[in-house]
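In what follows, a single structure is set out as structure tokens and then discussed.
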Amino acid sequence: MNEPLLRAEDLTYAVDGRTIIDGVSLRIEASERVAVMGPSGSGKSTLFTLLAGLATPAAGRVLLRGEPVGESGRQEISYVFQGYGLVSLLTAAENIEVALRAAGRAPEHARRLAADALDMVGLTPFADHLIEELSGGQQQRTAVALALARRPGLLLADEPTAEQDSGNRDLVLKGLLAETERGAALVIATHDPDVAARCDRTLTLRAGRLAPPETLPETRTEAPAD
Ligand SMILES: Nc1ncnc2c1ncn2[C@@H]1O[C@H](COP(=O)(O)OP(=O)(O)OP(=O)(O)O)[C@@H](O)[C@H]1O
């Protein structure tokens, strides 16, 4: 079988002796759109940190293009954190430019990519506002813009529409889904069935375990045309 973009094998993770992720295995192919659903506390954010290589599993492994996720993951994976992960005393544009320059982009290129990404999520008028001056929803869209601007191979987005009204939710989704058109994979944690319906398939976590696919009749939903 061909090596997928991302492969997780039998991941287990525990905190203070309590198992949070329990034997999770999955494959994500390039261009795939995968929703991860499950009750609050079922382990979605924890699973994402393992997939991104930001936490080390107690057992199991994560492979990105067949290699252990690690330094290559930091280059190739964009992660929209639930808490956004922005610097509050920099502007929206600066947050993105700094990240892109740290990743080796030339200043002018970083500026252009940041402006394009902020435009995509409707934040051009707020590009020069400090993060601490923005609403929660605007901060969340800045975090999405940052993830898009990095042009990742894999986008892990943890409830990226949770703070959005329906218009901005569609804008965020359009931006994230567009990344899959150029070959990136999108894995999106969500409580919103409408968001999941825009994905190719849905994985369901319950108490740290993936529900078996055969019990999920709604797993393969074709994404409607944009
Ligand atoms: N560092 C930690 N220390 C203690 N408990 C933790 C830690 N990280 C996660 N947990 C626990 O692990 C469980 C899963 O948390 P997680 O945030 O992954 O769930 P989630 O499915 O993303 O929830 P939500 O939908 O509310 O965002 C929770 O019970 C949480 O309290």
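The values are calculated or read from the model by the stated rules, or taken from the named source; none is laboratory data. Predicted, not measured: the structure shown is a model, and the values here were computed from it. A quick note on method: Cβ atoms are made from the backbone with ideal geometry, for glycine too, and the neighbour counts reach across all protein chains shown. Note: areas computed on protein heavy atoms with side chains; ligands, DNA, RNA excluded. Shrake-Rupley method; radii C 1.70, N 1.55, O 1.52, S 1.80 Å.
Based on the alpha-carbon gyration tensor of segment 103-161 and its eigenvalue square roots a ≥ b ≥ c, which shape applies: rounded if a/c is under 1.5, prolate if not and a/b is larger than b/c, or oblate?
oblate
I'd like the Kirkwood hydrodynamic radius of the chain, using the inverse of the mean 1/r over distinct C-alpha pairs, in Å.
Result for the chain stands at 17.8 Å.
Whole number please: convex hull volume per residue, Cα atoms of segment 1-51, in Å³.
Looking at segment 1-51, the number lands at 83 Å³ per residue.
Determine which residues of segment 17-43 fall in the zone a paramagnetic label at ALA162 would reach in this model, i.e. backbone nitrogen under 17 Å from the point 7 Å along Cα→Cβ.
35-43
Want the number for ASP170 to SER135: 0.36 nm per residue separation, take away the alpha-carbon distance, what's left?
10.8 nm
Quick one: with all protein chains in place, what share of the accessible area of the chain is carbon or sulfur, to the nearest percent (1.4 Å probe)? Walk me through the numbers on the way to the answer.
Values: 5330 of 10720 Å².
With neighbouring chains kept in place, the figure for the chain is 50 percent.
Can you give me the distance in nm between label points at GLU181 and VAL87, each placed 7 Å from the Cα along the Cα-to-Cβ direction?
Reported label-point gap for GLU181 and VAL87 is 3.2 nm.
What relative contact order, as a whole-number percentage, does the chain give when Cα pairs under 8 Å and 6 or more residues apart are counted?
Dividing the mean separation by the residue count of the chain yields 28 percent.
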